[in-house]
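So the structure is just underneath, and the comments pick up after that.
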Amino acid sequence: MSRLPAGVVFAYLVATFSILPADGSQLLLPDTSGIDGQLTADLKVDHFFSLWLVFNNDDVELSDKPFTILAPQNIATKHAENLLHQPELIKKLLFDHVVLGSLIDLTNITTDISFTTLGGRTVKVRPTKEDSGKLWANEANIIQRKVNVPKGILVVVDNFLFPPEHIIRRNETQAKLMEVGLFPAAKEGSKNHSNTTFMENILEVLSFLKSGVRVFQHFLTRSNVSKLLLEDQEYTVFVPTDHAFQRWHPIDWGFYPFSVPEFTESVIVNHFVRGRLKQDTIKDGDVVRTLGGKEIVFAKTPSLTVNGAMIVKGDTPVAHGNIMFVGEVLFVSEAVVSRLHQQHKDKETPPLLAFPWFGAQFLSHAFLALERDKRFTHITRFLNLADLAPHVSGTGYTFFVPTDTGFEELGLDKMPDNYLSTGEGLQILLNHFVKGRLYDRDLTDGSRLTTLGNKTITIKRTQDKVNVNQATIVESEVFVYNLGTMFYIDKVLFTLSNTLLPNTSTNISTSTSTQKSVETTLPAFTTRSNVEKVPEELVGESGTLPDILLTEETTTEDDIATMTATNGNNTIK
């Protein structure tokens, strides 16, 4: 093995466990939660990272070790979603592109090097013999040698490190090895079109219901499940009731997991199985796999359940398959939602605050968050007495927040609390707010933003830092629930020490009755309707017929046909 060139940070990792530990221990994965979605899209590797959804329902632990991920571009991975019904292959594919515990800097590689992936396979990196500057990882061309991300490095490649057609897996039922092609070619003349008929049948049945399954119907119409359904096959779909989804909706405030589109898509896919299952032929302990590769286990004592969720209605047969209604959303648990929540803080809904500013929820929540941080004693005392609420009302703002050092640099730390409360002083504060909720990906080099004080902010971005005019961002993307975003900066914008306003105000004690007390910032009252809008999927027109879920009799194809004819629609086929 060749020695690494000087400056290359590298350590060899030997994988000591399989993809699914036999002892039931947790999977150890790199912590990719800090990788920005816009960055992966710009690098054209977002399809590769979307495949990590296969781990959503596993017992996993995120490692705090550094990592290197060699990410294939979308042109190589665009068909990998066809294999989501075989998640172990996808997991193997992902692990074969990850090194955990090492930051591998390929910037100045001039000789061959090798390292081992988390999947236990060896990657050989070599420069081309001719002086073209190209670098190869196995048979993949390295497009970008080093992209810094939180806790790790991305290396962008144009293909898989190990040709998918050579992935080998063990056939557990026959106890022999078999070769599995990642992109199996369709047989000539075979039907491989989407089964839109079955999808149409499902949606038509759900539309008849007066209530009870509106949420699933909403998500299903926006999903890509139909692309996975083959024309010449039958399927069974397990439809959770609205009450099942309601369990995961915050009553007053909190995190709604189905606000994350990619997670919702995976949940919907995992409610479909191949074959027309019938309740009277299902045996206790029967096991089937979903289209997303999850395992469904049936129990019949004391009543029929699927993964512990009760079947709340008999069979509802339609052409090309069957519908069963269940009382829980399958494969969603507190642990799954908690992990998802940590990755999507920007989608959390807030409690309603009556104080300090009832009509300015973003400003109120930002104020409370900053007040708890010792780095922001000056901005909070100025905000406390400033007449900002009429200018920063409602939600949907970005706040560039100067730390105390920025105020001290200008001598503003010696000014009284009401120094920036009105007039030109208030304009200084307004010039730190931008209308619109910005993410780090929006702060592109050279972009210009207009502040609420009508000044222009210019963004300068390099590999190591982001500047907002002359200030440097010291902490990025501090989410204030789903109300807006804060970026912490080291200077006060549009202000110089020689242009400060004369201090004509009397210093106001922070203990006076005019100050907004922190003790009164807890919400005096909250109502669900005031805190957040009811999700789109929970509103809308009701069906025209009695709720099928509230009747006792099993629904037959003749019943469905009669219901359709009653409404003047075409009979379901």
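Full extension of the chain between Arg126 and Ala389 yields a length gain of 88.7 nm, computed as 0.36 nm times the residue separation minus the alpha carbon distance.
The distance linking region 446-492 with region 349-410 is 16 Å (Cα centroid to Cα centroid, whole angstrom). Solvent-accessible area of region 397-448 (1.4 angstrom probe, protein heavy atoms only): carbon and sulfur portion equals 46 percent.
If I take R0 = 60 Å and measure r between the Cβ atoms of Lys134 and Ala354 in this structure, what FRET efficiency does the formula 1/(1 + (r/R0)^6) give, to the nearest 0.05? With a Förster radius of 60 Å, E is 0.45.
Can you compute the FRET efficiency between Asp158 and Lys345 using 1/(1 + (r/R0)^6), with r the Cβ-Cβ distance and R0 = 35 Å? Round to the nearest 0.05. Show your work: numbers first, answer last.
Working: r = 34 Å, r/R0 = 0.96.
After rounding to 0.05, the efficiency reads 0.55.
Exceedance of the 19 Å cut-off in Cα-Cα distance is limited, within the set Lys347/Lys374; Lys134/Lys465; Lys374/Lys491, to Lys347/Lys374; Lys134/Lys465. Tell me, what is the 1.4 Å probe accessible area of Leu106, in Å² to the nearest 10? Near enough 0 Å² of accessible area. Extension gain, Ser497-Gln279: 0.36 nm per intervening residue step, less the Cα-Cα distance, totals 70.7 nm. Enter the Cα centre distance for the pair region 318-346 and region 93-156, rounded to the nearest angstrom. Taking the Cα centre of each part, region 318-346 and region 93-156 sit 36 Å apart. Evaluate the Debye formula for region 398-505 with equal point scatterers sitting on the alpha carbons, no solvent, and hand back log10 of I(q)/I(0) at q = 0.14, 0.17, 0.22 Å⁻¹, in q order, two decimals. One equal scatterer on each Cα of region 398-505 leads to -0.55, -0.80, -1.26.
Taken along the Cα-to-beta-carbon direction at a fixed 7 Å, the label points for Val287 and Met310 span 2.7 nm.
The values are calculated or read from the model by the stated rules, or taken from the named source; none is laboratory data. Please read these numbers as outputs of a predicted model, since none were measured by experiment. A quick note on method: Cβ atoms are made from the backbone with ideal geometry, for glycine too, and the neighbour counts reach across all protein chains shown. What goes into the accessible areas is simple: the full protein's heavy atoms, side chains included, and nothing from ligands, DNA or RNA. Shrake-Rupley method; radii C 1.70, N 1.55, O 1.52, S 1.80 Å.
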